[in-house]
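Just below is one structure, and these are the notes that go with it.
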Amino acid sequence: MKSYSQLPSWNNYKALVARRFGISILREPKESSMPIRGHAIHLDTWEPDAQPRGTIVLVHGGGGHGRILAPLGDAVAALGWRAIAPDLPGYGLSTPAPGFRWEYEEWPAVVAEVANRVSGPVVLFGLSVGGLTAALAATRARSVAGVIATTLLDMGDRVIFARSARWKWLGHASIVGFSALPSILDRVVLPLRLAAPLDKMSRDVEVAAYFRRDPLLGGLKVPTRFFRTLHACKVGALALPCPLLLVHPGADDWTPTALSQAVFDRIETPKTFRELSNGSHLPLEQPAYKELMAAVEEWLKPLSETELMKAPAKPWGQHVVADITPS
């Protein structure tokens, strides 16, 4: 399996967030591969300096992969938590199982299995589509202490799905095609930059350009079947077995706060909502980034103190099947 350290993409991104947002990523993640549900899942792991208070699984959305969450992984480790960011099937450097049919349902299933292999308190932290993926995974995992999301998008909703597409007309046309010609449309493969409005990932022009042009982001070729199965995942009233924190970017041009609020209101669990004073879909701008991590730190404190008394975190290395060493 390839390593991000071998790719110019990673160094470009790290330099970009430092230059544009003043975020210095101090910890290089350890890369590993783990077989999950037949996939070879690439994992990035950031370890804190001392015994971890627990583990946070970072869940990317449909416009990224695990490594773009490095600013969060590094910050989570600075808070004393281990961070693990998987590349979900079809994205990043993971190798999908033979015969993988690009079904969205694999995403929450894989995240749930990662959570099941973690000892001690585990929190799922999702961004973009990853927010709802984390929530769905929490209902399937054996034990999750909490869910954090920056967005909660019901992509089964026609309006939300159309708004999330590269162009609204494309979203509406796709929904018609999903019903009328699913077998034909499933075979259509598009670069992600044509399917999703990656220019709205960030209001920063350079960062938006990075997402459009990078071969593992905007250049990733995704079958339309993935988006059809994502739209087929309908979310009604959802009962979570753990607390929920929604911290929504206040200047998200892609998916405004109201879209997440509608789903948040339907979820049954002890829940907290915060809106950042600014921040794009990927909220790395200041002060949004600092506000995000401050909200996360505040919300985690009582959670970790309660859960740590039940089951302390153990070394993650015992679960890793293969370390990835650059050649």
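The values are calculated or read from the model by the stated rules, or taken from the named source; none is laboratory data. Quick caveat: nothing in here was measured; it's all calculated off a predicted structure. Because the Cβ atoms are built from the backbone with ideal geometry, glycine has one as well, and the counts that use them run over all protein chains shown.
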Listed by first then second residue, the pairs whose first member lies in the stretch 205-220 and is over 15 Å from Y4 (Cα atoms), whose partner is of a type in the set (S, T, N, Q) and surrounded by 20 or more Cβ atoms within 10 Å (Cβ to Cβ), with beta carbons under 7 Å and at least 6 positions apart or on separate chains, are A208/S202
How many residues are of a type in the set (A, V, I, L, M), under 19 Å from the mean Cα position of the chain (by Cα) and in a loop (DSSP other than H, G, I, E, B) if we restrict to the stretch 228-244?
-> 2
What is the number of the single condition among (1) within 30 Å of G120 (Cα to Cα); (2) at pLDDT 95 or above; (3) crowded, with 21+ Cβ neighbours inside 10 Å that S304 does not meet?
-> (2)
Residue selected from the stretch 62-105 under the condition closer than 18 Å to T151 by Cβ and of a type outside the set (A, V, I, L, M), by the criterion surrounded by the most Cβ atoms within 10 Å (Cβ to Cβ) = G66
Having 1 or more residues that are charged (D, E, K, R) is the bar; report the strands (runs of 3 or more DSSP E) wholly within the stretch 1-68 that clear it.
-> 30-36, 39-46
Taking the stretch 8-47 and keeping residues surrounded by 14 or more Cβ atoms within 10 Å (Cβ to Cβ), closer than 15 Å to D214 by Cβ and modelled with pLDDT under 95 leaves S9
Among the listed residues F273, F211, which satisfies the condition of being outside any strand (DSSP E or B) and either out of contact with any His (no Cβ under 6 Å at 6 or more places or on another chain) or of a type outside the set (D, E) (or both)?
-> F211
